[in-house]
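Please read the structure below before turning to the comments.
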Amino acid sequence: MKPIHIIIIIALVAVIAVVISTLSDAGTYSDFKESSAKPGKEFHIIGTLNTNKPIEYDAQVDPNRFSFYMIDEKGIEKKVVYNKPKPQDFEKSEKVVIIGSMKGDEFVATSLLLKCPSKYNSEKQPEKFGEKKF
């Protein structure tokens with residue numbers, strides 16, 4: 001075999017190893033139970049905001065501390081701490097995806113993704129618009 005072929009094979013093996021390690025480390029959706037079992041490891045958790053508990057944010061005291069209570073899809077509730085400003089219209093979100101890890105009894109989020117309610121509902125769809133039917 002020529003030396004160039006050996007170099008190409010080694011490069012391909014390295015590229016495949018990088019792709020596999022990237023895919024295996026990609027966050028998968030989980031729940032609070034699993035994240036509590038592996039503190040420090042990053043997880044993505046989908047849940048809903050518990051509106052019966054307080055949302056703590058005071059921009060005058062600390063603009064980079066925001067906390068709330070979230071219920072995951074299995075019904076487990078945890079306090080979530082987000083060390084960034086509170087997102088606009090946070091209370092209106094239908095679902096929340098938090099990315100972060102457990103530290104003690106709290107989930108420390110490094111990132112938040114919000115699913116806001118859709119302003120387009122099939123119930124409000126008109127039956128007829130001009131010559132077009134829906």
ask   = In the stretch 29-114, how does Rg compare with the Kirkwood Rh, expressed as the Rg/Rh ratio over alpha carbon atoms?
value = 0.94
ask   = What is the distance, in nm, between label points placed 7 Å from the Cα along the Cα-to-Cβ direction at Ile16 and at Ile4?
value = 2.2 nm
query = Assuming R0 = 30 Å, what is the FRET efficiency of Glu34 and Gln88, from their Cβ-Cβ distance, to the nearest 0.05?
reply = 0.50
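No value in this document is a laboratory result; all are computed from the given coordinates. What you see is a predicted model, and the numbers here were worked out from it, not measured in a lab. Neighbour counts are summed over all protein chains in view; Cβ atoms, including those assigned to glycine, are modelled from backbone coordinates with ideal geometry.
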